[in-house]
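Participant: So that we are looking at the same thing, I have put the structure below in structure tokens.
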Amino acid sequence: MEVKAFYWNGEYLELLDQRELPEREIWLELRDYTDVAKAIKDMAVRGAPAIGCVAAYGFLLGIRAGEDPQRVYQTLKNTRPTAYNLFWALDRMLKALQEGKNLEEEAKKIEEEDYMANKKMGELGAQLIPERARVLTHCNTGALATAGWGTALGVVRSAHYAGKDIFVWVDETRPYLQGSRLTAWELLKEGIPHKIITDSSAGYLMRKGLVDCVLVGADRITRDYYVANKIGTYALSVLAKAHGIPFYVVAPKSTFDLNSHGEDDIKIEERSEEEVKVIKGVRIAPNNSPALHLAFDITPPENITAIITEEGIIKP
Ligand code: MRU
């Protein structure tokens, strides 16, 4: 069965708590827009498109409860600053409210459109992936990060189902371990061959000729093709360029912030240092050592071979 990160059941939002994966599959019942905001902020749900879809349902819950639209909008907006899909979805819901549209229909449309965009990107992207390719990917960009199928991992899925005999190197993705906990879990469910690697392995594997291409998602893309994505993406782009390996970004139109230019227009989320120093309740660093936890970095267009969107392939 296809993996789903959330379900709207007509009354409230059912959300798979991604913090508990892969050990436990726990579903949360989100009945209030503030529960939705907390789930986004605390990363029970994560991945730019999934955040956008869930925020749309959060907005619907707030309006149905008779809350002030501006308060609902701002509360949901102030959860995570980098993923553009969040702002895009909330702006669309606010506009739908102002235009007197059916908000439930609008939120469902956002979800369905994202799923269809993923399928289309999968189809287009798979054409770029050679037979028996060894793909390296970072973070989780699969069904868990979207309305279903996935962006970069969606391309992997489509290539796999096209019979291309794909193998995936899965960056573990410190500190949240989206790669080892979530991407590996999804690949295992699909029966796609893979191996988890520590984030620092990529360069050596590339040098040994063991990586054919890099596929990553995006949290925000500026008008001039600067790409914000999970911290570590920029380093991979530099390594790929140095080794002559294609570096592909896979993202729907809803990730493009057409009002921004260059890297200074993108706000990079900084999260708590405790998330770096403590893993699942176990302290792995001295309490008194400070740590820096940037959640994203920015890859410049000159390091990107192509951006795969649902409308076509862009060569920045
Ligand atoms: O902090 P996260 O887990 O929300 O970060 C997710 C990513 O960086 C993904 O690569 C990005 O959102 C694209 S997901 C389709």
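Participant: Just name the residue that is farthest from the ligand (Cβ to nearest atom) out of those in the range 9-55 that are within 23 Å of Ser254 (Cα to Cα) and among the β-branched types (Val, Ile, Thr).
Facilitator: Of everything passing the filter in the range 9-55, Val36 is farthest from the ligand (Cβ to nearest atom).
Participant: Consider Ala295 against the criteria (1) open to solvent by less than 20 Å² (accessible area, probe 1.4 Å); (2) in contact with a strand residue (DSSP E or B) (Cβ under 6 Å, 6 or more places away or on another chain): it satisfies all of them except one. Which criterion is unmet?
Facilitator: Exception for Ala295: condition (2).
Participant: When you scan the range 259-315 for strands (runs of 3 or more DSSP E) that lie fully inside it, which ones turn up with 3 or more residues that are within 19 Å of Ile231 (Cβ to Cβ)?
Facilitator: Hits in the range 259-315: 296-299.
Participant: Is there a residue being in contact with a strand residue (DSSP E or B) (Cβ under 9 Å, 6 or more places away or on another chain), of a type outside the set (Asp, Glu), within 16 Å of the ligand (Cβ to nearest atom) and on the phi > 0 side of the Ramachandran plot anywhere in the range 114-122?
Facilitator: no
Participant: Further question on the same structure: Do any residues in the range 2-15 that are free of Cβ contacts under 8 Å to residues at least 24 places away in the same chain have Cβ atoms under 7 Å from those of residues that are open to solvent by 70 Å² or more (accessible area, probe 1.4 Å) and not in a loop (DSSP other than H, G, I, E, B), where the two are at least six apart or on different chains, and which pairs are they?
Facilitator: Glu14/Tyr7; Glu14/Trp27; Glu14/Glu29
Participant: Determine if the range 151-172 includes at least one residue that is in the same structural domain as Ser237 (by TED's automatic domain parsing), in contact with a Cys (Cβ under 6 Å, 6 or more places away or on another chain) and open to solvent by less than 50 Å² (accessible area, probe 1.4 Å).
Facilitator: no
Participant: Could you list all residues from the range 302-312 that are under 19 Å from the mean Cα position of the chain (by Cα) and within 15 Å of Leu215 (Cα to Cα)?
Facilitator: Ile304, Ala306, Ile307, Ile308, Thr309
The values are calculated or read from the model by the stated rules, or taken from the named source; none is laboratory data. Computed from a predicted structure; not experimentally measured. Here the Cβ is made from the backbone with ideal geometry for all residues, glycine too, and neighbour counts use every protein chain on show. The area values use the complete protein model at the heavy-atom level, side chains included, leaving out ligands, DNA and RNA. Shrake-Rupley method; radii C 1.70, N 1.55, O 1.52, S 1.80 Å.
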